[in-house]
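Participant: One structure is given below, represented as structure tokens, and several questions about it will come after.
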Amino acid sequence: MTTDVTQAVALLPEGAAGSGSRARILEAGLELFATRGYHGTSIRDIASTAGLQSASLYGHFSSKESILAELVLVGHEAHHRALTLALMECGSDPVEQLRALVEAHVGAHADFPVLAIVANHELMHLTPEAAAPAEALRDQSLNLLMTVVGRGMASGAFDVPEPDIILTAISTMGSSVSLWHPTRPDISRETLCRSFADLAVRMVERKT
């Protein structure tokens, strides 16, 4: 998958890449995987973009896959952390919890769109073993959303005949912002997150 959103956006969460050569390798790999895709990127490409020799790169990562696996994990860690913090900072009302989760979900994809693209769309190129840590976090994040929607259904606040379909729609809509929001500076992060949260609530709330 290719994209042109690598300009003028934050690449990685602060401190996630470490420092020095390791950070340069991860940032180079991230930009190249996002624009060229995993199979369109070579170790030599990453080393050259990072300003290193290939031999020096291998001192930090054993393979191209290990670079991608690290980036994918960083992306899912940042996303899951955002969701968890959002739930901790709101009350017990399932409507407010859903709003908080969706705002955090959308915000994570808006804050680090290049990382989100690679974490979501290049994950498929990892072996099952390499992908497992990120997939476990992805499942935990989805479970947070499922739990909140389930609580809302039990309380009568939500009416969701097909939970799997609705939850997939909410998740997919939120993750799509990484593809287009960087090209829409006229839409503020606050407006973006609030609008998606409003839409998610309308999708699940019980109609009176």
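The values are calculated or read from the model by the stated rules, or taken from the named source; none is laboratory data. None of these values were measured; they are calculated from a predicted model. All Cβ positions, glycine included, derive from the backbone under ideal geometry; neighbour counts span all protein chains shown. SASA here: full protein model, heavy atoms, side chains in, ligands and nucleic acids out. Shrake-Rupley method; radii C 1.70, N 1.55, O 1.52, S 1.80 Å.
Participant: Given the conditions (1) over 21 Å from F112 (Cα atoms); (2) hydrophobic (A, V, I, L, M, F, W, C); (3) at pLDDT 95 or above, and given that A131 satisfies all but one, which numbered condition is not satisfied?
Facilitator: With respect to (1) over 21 Å from F112 (Cα atoms); (2) hydrophobic (A, V, I, L, M, F, W, C); (3) at pLDDT 95 or above, A131 is out only on (1).
Participant: Now for a separate question. Being among the hydroxyl-bearing types (S, T, Y) and open to solvent by less than 80 Å² (accessible area, probe 1.4 Å) is the filter; apply it to the stretch 173-208 and report the residue that is nearest to V95 (Cα to Cα). Show your work before the answer.
Facilitator: Taking the stretch 173-208 as the starting set, the residues that turn out to be among the hydroxyl-bearing types (S, T, Y) are 175-176, 178, 183, 188, 191, 195, 208.
Filter again for open to solvent by less than 80 Å² (accessible area, probe 1.4 Å), leaving 175-176, 178, 188, 191, 195.
Details: S175: 20, S176: 23, S178: 25, S188: 23, T191: 18, S195: 14 Å.
Once the filter is applied, the top-ranked residue is S195.
Participant: Would you please list the contacts, defined by Cβ atoms under 6 Å and residues six or more apart or on different chains, that run from a residue in the stretch 20-42 that is under 11 Å from E122 (Cα atoms) to a residue that is of a type outside the set (S, T, N, Q) and open to solvent by 10 Å² or more (accessible area, probe 1.4 Å)?
Facilitator: L30/L11; G37/M1; Y38/H125
Participant: What number of residues within the stretch 128-159 are assigned to a helix (DSSP H, G or I), farther than 21 Å from R81 by Cα and open to solvent by less than 30 Å² (accessible area, probe 1.4 Å)?
Facilitator: 1
Participant: A further question follows. Give the stretch 49-67 a look and list any residue that's closer than 25 Å to A116 by Cβ, assigned to a helix (DSSP H, G or I) and among the hydroxyl-bearing types (S, T, Y), or say none.
Facilitator: Listed by number, the residues that qualify are T49, S66.
Participant: Is it fair to say T84 is within 30 Å of L199 (Cβ to Cβ), open to solvent by 20 Å² or more (accessible area, probe 1.4 Å) and at pLDDT 95 or above? Walk me through how you get there before you give the answer.
Facilitator: On the way: within 30 Å of L199 (Cβ to Cβ): yes; open to solvent by 20 Å² or more (accessible area, probe 1.4 Å): yes; at pLDDT 95 or above: yes.
It is true that T84 is within 30 Å of L199 (Cβ to Cβ), open to solvent by 20 Å² or more (accessible area, probe 1.4 Å) and at pLDDT 95 or above.
Participant: In the set G29, G107, which member is part of a helix (DSSP H, G or I) and within 16 Å of the chain's Cα centre (by Cα)?
Facilitator: G107
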